[in-house]
Each structure stands twice: as structure tokens, then as C-alpha cells.
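Engineer: Quick one: this structure, given as C-alpha cells, is what I'll be asking you about.
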Amino acid sequence: MIIFDSENKVFKLDTCESTYLIGIYEENYILNYYYGAPIPETCVGDLIDRNANASFSLANPVIGENGFTPDCAPMEYGTNGAADFRVSALSIRNANGDTTTDIRYKGHKIYKGKPSLSPLPYVYANNDDEADTLDIYAEDKVTGAEVTLRYTVFEKMGAMTRSAIITNASDKAMDIKRAFSLCVNMPEMDYDMITFYGRHAKERSREQRALAHGLQGIHSKRGASSHCHNPFVAFLKHGAGEEQGEAMGFNLVYSGNFSAVAECDFNSNTRFIMGINPEDFSWHLEAGESFTTPECVMVYTDKGLGEMSRIYHRLYNNNLVRGKYKHEKRPLLINSWEAAYFDFDTDKLVSFAERAKEAGMDMLVMDDGWFGVRNADNCSLGDWFVNEEKLPGGLDPLISRVNALGLKFGIWYEPEMISPDSDLYRAHPDWCVHVEGREPMIGRRQLVLDVSREDVRDNIFNQMYEVLSKHKIDYVKWDFNRNISDAGSAILPADKKQEFFHRFILGTYDLMDRFTKAFPDILFENCSGGGGRFDPGMLYYSPQIWASDQTDPIERLTIQFGTSICYPASTMGAHVSACDRTGYETKGDVALWGTFGYELDPNKLTDDEKALVKEQVKEYHKYYDLIHYGDLYRLIDPYFNHFRCAWSFVSPDKTEVLATAVTMRYDRDMPTFILKLRGLDKDKKYVCEETGKVYSGAFLMNAGINLTNKQSRDGESIKFYFKAQ
Ligand code: GLA
């Protein structure tokens, strides 16, 4: 619910978990008074007095030096140059070259529902009753910039979104130098900041640090949200933890360069901004033109990090992921990559499909290597026609044999790339991302295709459309295997050159939009060398993302725990591979916490392994709803415990529980291991399927199950399924 208290000039934005207060102060400054647990008041009283100790206090001359200084005030959308010296969310250079920017309240509108943010991806309302929106209209009288600060509350979900629209209302051109999606101000700094760092095959490793005075943050300037930092930041109040205390999350719905910066000032207040990375960014606005920032999804709860995660999970399952597979069961797939790499032909792929069929799987995915003359990663990206040497007669004979077995068929693409050794490059050497006069850097022997250009997008769309529309293809894995250097487009004029990175991502979104509309029955799985673009922007177009090229189940645990802090299991691509660090039990148990599938040559499995795979396929079906739509509890997080970890899924009605524990490293001197479950109904009786024993919810949560002597090796896993009587 959103209300405006006109007497106190305060907006109150409520969700079931939080209240957010925005006030209009003297001289129409827009201030951010509160973000925290629900409160009834709109009268903010003493909350305004945050700024007793200014440093060389600079005052607005109309207000006078009465204590209000922009530098200490909780500015709702901090701007550059007008006596707020902290990191700014907005900076505009006007036609004179001035960059001082100062926005003030002009009006507002409160309405039901949530408008589209297209062409950007966004969290949507399924109907107008799910969401309420507030647009605050602000203006900078000198630059002529008008800013709409847009807030949507999803009251029942416990989440909010924020974005900003900047319009050039002057009669001269201007340039946006910085336009963040959000700015929040907390009146204290006793928080830990949680971020996720990584690299290829080690994505989203949790990192937690106490805030310190000055700047701290993460960013990407790789042309992708990236493996290295995820566009997600959480703040955990000191003393808070997984299941208790104040937690706040901020997730940018964007797949390109981003920046997230917290600044703790001399008053020990915290400002946090998140949005498009201002480095190598600028946006030119002619008179009358507008620019829309991506949106940021905000969650506050006083029930700990675990509840914050569950709120994101529910929201993303209900209000971000779209299309047929939002609700429909996804096919259980086997992927050819780790099974064959580039070395396959029709018969080999059909042999995978035959074994997959015997095990009860649903789909064969032919990964990289089916097009152009691609027998290694050195060529053919951009030439999206079938390699008939590998697949004689093209795709039809293969697909019909796979379909005849009763399996669906999927295919791999890397649409935003071009190999220098390709027909496409030979015909259009200026279609790669490059800077005039510089030899572009090469990565995996490929260049990036300039999808900021419409003609380039049309070419790729038409090539792919030709294949996808003429064959029975049920799934597309959309890959992106390098980052962007030498960021430039042959057709952008000088005053728009720094728009390239954002235009590139808009181009990607446009392509994805066209494909998802043209092929609503295809299941799209996003990928970027594993999870290099695991972000909500991509989830808007593809309901699942290959989480990592790391398929060792023990290494995967930290990746999956990290990913789960924001993203639901239904989105997390996870497969069983042939890696021999653990047995197939553990590989299956870890992959079950995700979309589940296989990434191996099934002809090489022993009879025992084949029997186990059949069991795992049954488990996938049995636990599908529980894992995809249940509540996740991180029981023991490998961030804190390097020996053991455990997690569970609880059905929304609390009648079903699946708990899994893994011994990452066994040590004979390990202490007693009691696994205490969470999120159950304390009064219900639960039967353990594995042992037949009956426990109360209270027992399982408080006394727990004793696993002390149940695990005796590195890499062993154990799982229990409980059902309420
Ligand atoms: C990336 C993906 C892999 C596979 C290869 C193919 O690394 O993450 O799963 O598709 O590309 O080249």
C-alpha cells in the first residue's frame, strides 16, 4: 500500500515486511527518512535531525543555515555538486558543460499496478491488485532535467522496486553522466555488506565485511553482469544472521555494466547506490528525449537473511520469470558438452538419447559444435547453419530419431559472438565490437558481435529463425563466452560513443524479446561460460540459467549456496557430470537443488550407475514442486563451515520436507553432528520416509536428527524426506 500524508508531506510505502518513508522537506528537497520494519506513523518528527555534525556545513540560502545541509541529509536521489558531497545517483551535464545537478519535488501520482519498463526487463505485476506504484516528479530548474522516481510495492510479497526516468525538458541537448537506479540512506553503519565475487567456474562466492567509513562496493565493466561480481548486495545488521535480525537486499535487473557503492560518512550514516556503472557511460539527450534506468529490487525483513532469500525466490518465481515454463514442468535434459565436446555426429548423439530414454529423461541437448565448420572453438560463430559433415542430411534426421525415442530436442547458440574465421566476419568485418584503428582483444578466439546495431541483430535473428522455425526444437541454450573490450560500434557518432555498453545490452534484450515472442514454446536457458550473466535481467527472458561450468559437486556447493541468497532453485541450472570427486549419489543430491539434468556420456555408466540414475530421475519428478516452489532453508552454510553443509526445502503448506547434508571434508575428530530443521509446523507429526520414524516438527527443529555416525567419507551426502501425517 502507498499513501501520501499531505499534512506532513510524507509518502508511506508498505509491504508485509517493511515500511519505506519519503518526505518532502523545505524547498522541496526529497528525503529518505526510513526503511525498516513496518511502522504505522507517517509523522517522521525527529527522523529529520540527522545532521548535527556537518563538516564545513553548506546550506541552501533560502532555508538558511538552520541545520539543514544537503551533505548530511538523507537525500532520496543524491545529485552531484549541490552541497551533497557523497557518491551521487545523478549527474547531468547541460549544454553549457555544467554538471551541478539539483532536483526538487514537483508533484506525484499514486496508482494501482505497475507500468512496463520495456525495452528493459522488469519485475511485473500479474494483475493490478498485486502492486501499487508511486511516481514522484522532480525537476532541476537550471538544467531543465525532469526526473520521475518510480517506486512499486509488492505488498504481499514483501518487496519493492525502484527506477528513475530522466527527461530533457529543456530546449537544448544534455548528457547524463550518472543515472543510478536507486539511492538509499541508512542512519547508521553497523551492517555487514554481503557481496558475491568469483570467476569462471567459481561464481557467486559469498563475501561478508563490516562497513567502514568511506567507499566500498562492487562493479562490472565487462559488458556483462559477470562471473566476478553479481549485481546483488545485502546488508545484514550486526547481530543478525540466517534466521533472525535485519537483512536488506538490493538486486539490479540488468545484465550489463553495473556499480553498487556504499559510502559511510562522517556521521556514520550509510548511503547506498546501485545502477548502471558510470564508468565508460554517458547518455546524450536531445530536447524532449528520455532515459530510463534499469530497476532495482529491494527487500527488507527483520527475519534474517534466509527470509530475505525466500522473499526474492517467491517474487522471482511469481513476478519475474515468464512464459510457458513459468508453471509447466521443465524437461529433464542430458547435454552433450561434457560428454563429447566438439567430437560428435548424429549416431553418437542418438546413442546419448537412447540411453537417456532408458533412464527416463526427457530431452537431448546438442551443445556447441553443430554449425559452420566448428570442430574446435576457433571458428564459425556467426555462421548458424548446420555442419552436414557431422550431421549428414542436417538436423531433421537427428531430430526425428531423437523424437522417435519420445525425447525432446534442444540446441546451443552463442548469438552475440563472431569468430574472425567465419563467413559472417569475412562479409562484414565491421560488425564486431571494435574501436577504429585498434586491433580488438581476442578471447576464446572470438570477437563480440555488435548487437547494438539493428542490422546486425536482424541478420542473427534471421539466421536463427531459419533453423528454429524449420525444425522441431524445444530448447535453446543461449551462451556468451567472453567479455567486452574495445567497446565501440562502427556506427555510433562521437557524442554517443559512451552509450555503447548500454546499447549493447538493449540490443541483447531486443534479440531475446524477439525470440521469446516468436517461439513461446521453446525453453530458453541462459549461459555465459557457466553463470557469467546470472542476473534477473536474463531471468526475465529465460527461466533458468546454467549456474556454472563447475560441475564438481563439492566445488558447486559454495556456488549454489551463494546463488541461493537471491535466486530460486527453479532458476539454477545444475547437472550431474562424470567428474569423479564423489559418487553419483552426491552428484545427484547436489544437482537436485536446481533444474537438474545430466552432462555426461551415458554409454560410459556402469550398470549400477545406470540404476542409480533411474532412481534420480524418479526423485526429480517426486521433488520437483517441493524444490522449485518450496521454501529454502540454508541449514549449514559452507561459508561458515568448511566440513559440512546442509539445506532443506519445505513445502508452502509445511507438509513436506526434503533435507540434504553433505560432508565436504571428513575428519575422524569431527564433532557431534545434529541437524536441526527449520520452517516446519511445530505441532505437526512428520514421518521420515527413509527410517519410518515419526517426529514432531518441534523435535526436528529443536532436538534435530543425529547424523554423527551417518557420514564417514569426504564427499558423502545424505538426504531425508519427511511427510506430515
Ligand atoms: C560455455 C558453456 C558450456 C558449453 C561451452 C560450449 O563454456 O558454459 O556449458 O556450452 O560454452 O562452448
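The values are calculated or read from the model by the stated rules, or taken from the named source; none is laboratory data. Values in this document were obtained by computation on a predicted structure and should not be read as measured data. Note that each Cβ is placed from the backbone with ideal geometry, even for glycine, and that neighbours are counted across all protein chains shown. Only protein heavy atoms, including side chains, enter the accessible area calculation; ligands, DNA and RNA are left aside. Shrake-Rupley method; radii C 1.70, N 1.55, O 1.52, S 1.80 Å.
Engineer: Please compute the alpha carbon radius of gyration of region 251-399, then divide it by the globular-protein estimate 2.2 N^0.38 Å. Two decimals is fine.
Structural biologist: Working: Rg = 23.8 Å, N = 149, 2.2 N^0.38 = 14.7 Å.
Output field value: 1.61.
Engineer: Share of Cα-Cα pairs in region 126-247 beyond 25 Å, in percent? Could you put the intermediate results ahead of the total?
Structural biologist: Working: 3501 of 7381 pairs.
The calculated P(r) of region 126-247 puts 47 percent of pairs beyond 25 Å.
Engineer: If you don't mind, there's one more thing I want to ask. What value does region 563-707 have for Rg/Rh, both radii from Cα atoms and Rh as Kirkwood defines it?
Structural biologist: Numbers: Rg = 15.9 Å, Rh = 16.4 Å.
Taking Rg over the Kirkwood Rh, I get 0.97.
Engineer: Please report, as a whole percent, how much of the solvent-accessible surface of region 438-544 comes from carbon and sulfur atoms (probe radius 1.4 Å).
Structural biologist: Working: 1810 of 3660 Å².
Carbon plus sulfur share of accessible area: 50 percent.
Engineer: Quickly rank 249-259, 160-170, 649-659, 491-501 as a protection proxy: mean count of other C-beta atoms within 10 Å, highest first. Provide the component values of the computation, followed by the final result.
Structural biologist: On the way: 249-259: 26.7, 160-170: 22.7, 649-659: 19.3, 491-501: 15.8.
In decreasing order of mean packing, 249-259, 160-170, 649-659, 491-501 become 249-259, 160-170, 649-659, 491-501.
Engineer: If you don't mind, there's one more thing I want to ask. Among all the lysines, which ones have a C-alpha under 24 Å from K685's C-alpha, if same-chain residues fewer than 8 places away are not counted?
Structural biologist: Cα-Cα hits under 24 Å: K622, K654, K676, K693, K710, K719, K723.
Engineer: May I pose another question? What value in Å³ per residue do you get for the convex hull of the alpha-carbon atoms in region 336-382? The partial results should precede the final answer.
Structural biologist: On the way: hull volume 3.1 nm³, N = 47.
Normalising the Cα hull of region 336-382 by residue number yields 67 Å³.
Engineer: Within the chain, which DSSP H helices have Cα atoms that stretch 15 Å or more along the helix axis and a mean Kyte-Doolittle hydropathy of at least -0.5?
Structural biologist: Values: long enough: 304-319 (22 Å, -1.02); 346-359 (20 Å, -0.58); 454-470 (23 Å, -0.80); 500-518 (27 Å, 0.04); 553-564 (16 Å, -0.01); 607-629 (33 Å, -1.28).
Membrane-span-like by this criterion, though nothing is claimed about a membrane: 500-518, 553-564.
Engineer: So for region 481-560, taking the charge dipole from beta-carbon charges (+1 Lys/Arg, -1 Asp/Glu), which of Q498, I522, Y541 sits furthest toward the positive end?
Structural biologist: Checking the options against the dipole of region 481-560, the answer is Q498.
Engineer: Taking amide hydrogens as modeled 1.01 Å from N in the peptide plane, which residues meet the under 5 Å criterion relative to V476, leaving out close sequence neighbours?
Structural biologist: The list, which skips near neighbours in sequence, is I411, L523, F524, E525.
Engineer: Using the Kirkwood radius over C-alpha pairs as Rh, can you work out the diffusion coefficient of region 1-108 via Stokes-Einstein at 20 °C, viscosity 1.002 mPa s, in µm² per second? Provide the component values of the computation, followed by the final result.
Structural biologist: Values: Rh = 14.9 Å.
Calculated translational D: 144 µm²/s.
Engineer: So, in Å, what gap is there between the alpha-carbon centers of region 493-569 and region 287-301?
Structural biologist: When both Cα centres are located, 19 Å separates them.
Engineer: Check the straight Cα-Cα distances from K472 and name the lysines below 25 Å, setting aside those fewer than 8 residues away within the same chain.
Structural biologist: K324, K326, K329, K348, K357, K390, K408, K517
Engineer: Next up: Ignoring everything except DSSP H segments at least 4 long, calculate the 222 nm mean residue ellipticity for the chain; use -39,500 (n - 2.57) per segment, divide by total residues, nearest 500. Working shown, then result.
Structural biologist: Details: 12 runs with 141 residues, N = 725.
Taken over the chain, the calculation gives -6000 deg cm²/dmol.
Engineer: Hand me the GluC sites (Glu not before Pro) from region 55-131 located in a DSSP loop with no more than 16 other Cβ atoms within 10 Å, in residue order please.
Structural biologist: Values: sites: E65, E76, E130; in loops: E65, E76.
Within region 55-131, the qualifying GluC sites (Glu not before Pro) (loop, at most 16 other Cβ atoms within 10 Å) are E65.
Engineer: Which entries in K114/K496; K477/K614; K141/K496 show an alpha-carbon gap greater than 28 Å?
Structural biologist: Working: K114/K496 31 Å; K477/K614 25 Å; K141/K496 25 Å.
With Cα atoms farther than 28 Å apart: K114/K496.
Engineer: A follow-up question, please. Report Rg(Cα)/(2.2 N^0.38 Å) for region 169-220, keeping two decimals.
Structural biologist: Details: Rg = 16.9 Å, N = 52, 2.2 N^0.38 = 9.9 Å.
Output field value: 1.72.
Engineer: Now a separate question. Could you state the orientation-averaged shadow area of the convex hull built on the Cα atoms of region 457-545, in nm² to one decimal? Working shown, then result.
Structural biologist: Details: hull surface 25.5 nm².
Its average projected convex-hull area is 6.4 nm².
Engineer: How much net charge surrounds S419 when only the other residues with a Cβ under 15 Å from the Cβ of S419 are counted, with Lys and Arg +1 and Asp and Glu -1?
Structural biologist: On the way: positive: R374, R426, R444, R445, R482; negative: D368, D377, D383, E414, E416, D421, D423, D450, D479.
Within the 15 Å Cβ shell, the charges total -4.
Engineer: Could I ask something else about it? Can you bin the chain into rounded, prolate or oblate? Criterion: square roots of the alpha carbon gyration tensor eigenvalues sorted a ≥ b ≥ c, rounded for a/c under 1.5, prolate for a/b above b/c, oblate for the rest.
Structural biologist: On the way: a/c = 2.14, a/b = 1.25, b/c = 1.71.
Note, shape of the chain comes out oblate.
Engineer: What are the ³J(HN,Hα) values, in whole Hz, obtained from phi via the Karplus relation 6.51 cos²θ - 1.76 cosθ + 1.60 with θ = phi - 60°, for each residue of region 181-190 in sequence order, with x given for Gly and Pro?
Structural biologist: 7, 8, 9, 10, 10, 9, x, 8, 9, 8
Engineer: How would region 185-314 be classified by its alpha-carbon gyration tensor: rounded, prolate or oblate, with rounded meaning a/c under 1.5 and the a/b versus b/c comparison settling the rest?
Structural biologist: On the way: a/c = 1.70, a/b = 1.42, b/c = 1.20.
It is prolate, given that a/c is not under 1.5 and a/b is the larger ratio.
Engineer: Further question on the same structure: Using a 1.4 Å probe, what is the accessible area per residue for region 234-393, in Å²?
Structural biologist: Values: 4460 Å² over 160 residues.
Accessible area per residue: 28 Å².
Engineer: Can you list residues from other chains, or at least 5 along the same chain, whose modelled amide H is less than 5 Å from the amide H of L449?
Structural biologist: Those qualifying (amide H under 5 Å, at least 5 residues apart or on another chain) are M417, I418, V433.
Engineer: Ignoring ligands, DNA and RNA, please state the percent of accessible area on region 1-111 from carbon and sulfur, probe 1.4 Å.
Structural biologist: Numbers: 2390 of 4890 Å².
Ligands and nucleic acids excluded, carbon and sulfur give 49 percent.
Engineer: For region 505-657, what does the accessible surface come to per residue with a 1.4 Å probe? Please give it in Å².
Structural biologist: Working: 4260 Å² over 153 residues.
With all protein chains present, region 505-657 gives 28 Å² per residue.
Engineer: Now a separate question. Distance between the C-alpha centers of region 260-283 and region 153-212? Whole Å please.
Structural biologist: 8 Å
Engineer: Could you work out what % of the accessible surface of region 220-376 is carbon and sulfur, using a 1.4 angstrom probe and leaving DNA, RNA and ligands out of the count?
Structural biologist: Numbers: 1910 of 4100 Å².
Its accessible area is 47 percent carbon and sulfur atoms.
Engineer: Using only the Cα atoms of region 241-328, what are the Rg and Dmax in Å?
Structural biologist: 17.1, 52
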